[in-house]
1. Taking the condition over 17 Å from Val77 (Cβ atoms) and either buried (at least 17 other Cβ atoms within 10 Å of the Cβ) or acidic (Asp, Glu) (or both), does Ser225 pass?
2. Being part of a loop (DSSP other than H, G, I, E, B), modelled with pLDDT of 95 or more and farther than 22 Å from Leu217 by Cβ is the filter here; which residues of the stretch 57-79 pass it?
3. Keeping to the stretch 86-115, report how many residues are aromatic (Phe, Trp, Tyr) and part of a loop (DSSP other than H, G, I, E, B).
4. Might you check whether a residue that is out of contact with any helix residue (DSSP H, G or I) (no Cβ under 9 Å at 6 or more places or on another chain) and surrounded by fewer than 21 Cβ atoms within 10 Å (Cβ to Cβ) occurs anywhere in the stretch 126-140?
5. From Ala83, Ala44, which residue is assigned to a loop (DSSP other than H, G, I, E, B), closer than 19 Å to Val152 by Cβ, touching a residue at least 12 places away in the same chain (Cβ under 8 Å) and of a type in the set (A, V, I, L, M)?
6. Taking only pairs six or more apart or across chains, which ones have beta-carbon atoms under 9 Å, a first residue in the stretch 181-206 that is at positive phi, and a second residue that is outside any loop (DSSP other than H, G, I, E, B)?
7. Would you mind finding the one in Gly87, Gly20, Gly43, Gly59 that is out of contact with any Gly (no Cβ under 9 Å at 6 or more places or on another chain), surrounded by fewer than 19 Cβ atoms within 10 Å (Cβ to Cβ) and among the small types (Gly, Ala, Ser)?
8. Taking Ser200 as the residue in question, decide whether it is among the polar types (S, T, N, Q), in contact with a helix residue (DSSP H, G or I) (Cβ under 9 Å, 6 or more places away or on another chain) and at pLDDT 80 or above.
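The values are calculated or read from the model by the stated rules, or taken from the named source; none is laboratory data. Since the structure is predicted, the reported quantities are computational estimates derived from the model, not experimental observations. Glycine gets a Cβ as well: all are built from the backbone with ideal geometry, and neighbour counts include every protein chain shown.
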Amino acid sequence: MTGAGSGIGRATAVRFAQEGASVIAAGLSEGLEETAELCKAAGATAIAVVVDVSRAGSGEVILEAAARISNCPNVLVNNVGIAGTTGVYDTTDDEFDRIVDTNLKSVLRISRPFLQLCRSKKMTASIVNISSVQGMLGFPNNTSYAATKAGVIGLSRQMAHDCAAFDVRVNVVAPGIIETPRTEARLRDSAEFRKYSVQSTPLRRAGLADEVAAACLFLASDEASFITGQVLAVDGGASTTVFRV
């Protein structure tokens, strides 16, 4: 699990731990150790791995850590994501490259060694990549984030096609507005953010990180054994409409 230090990543790591999974909580956040402790409190084996997924070799670092607790790690959740704050006219090459490296290229970078292991060991496995409703719809001042999250969907569908032959499923969860440490302050302080998030969500509320975690668990489980290449929006209906302007 990448991006496991808080929010959706932490909730998903803990949910998997509650279901009996061993957990590698990876990323750069200061909350990684706390996530690992929460997983242990749920009865799981868990390790926190500090790694920058935007750097080459990060996938191998995570897989080496996984080998310490499992010979056959069979679920990968790519959750890391950083947001931009600029529109298409203001986005610099440097900002775009930084967000592409973290949000999009990391999915391939982390998945590749995992898939190579799955193929060599002929083991059934599942990858869940976290995109966003913003990869499906327009949103103000988020050019780089929206582009990368749309890219995650396209990459995931290609991965699903390529990996089906060796029994690895790849799916996407696309959250809408979710209550996390990163969004709580913006929901409280920004009327514009509320307008383009909660007020434009048919269910008229923000989702919970635990609700996204439940979707990830389902897609990774045997209950979804005939599902691959799909996008599951956990967005309160936001993707069924358009954002108000």
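1. Spelling it out, it is not the case that Ser225 is over 17 Å from Val77 (Cβ atoms) and either buried (at least 17 other Cβ atoms within 10 Å of the Cβ) or acidic (Asp, Glu) (or both).
2. Answer for the stretch 57-79, where residues must be part of a loop (DSSP other than H, G, I, E, B), modelled with pLDDT of 95 or more and farther than 22 Å from Leu217 by Cβ: just Gly57.
3. 1
4. Taking every residue of the stretch 126-140 in turn, none turns out to be out of contact with any helix residue (DSSP H, G or I) (no Cβ under 9 Å at 6 or more places or on another chain) and surrounded by fewer than 21 Cβ atoms within 10 Å (Cβ to Cβ).
5. Only one candidate passes the filter, namely Ala83.
6. The qualifying pairs are Arg204/Val198.
7. On inspection, the qualifying residue turns out to be Gly87.
8. Yes; evaluated as a whole, the condition is true for this residue.
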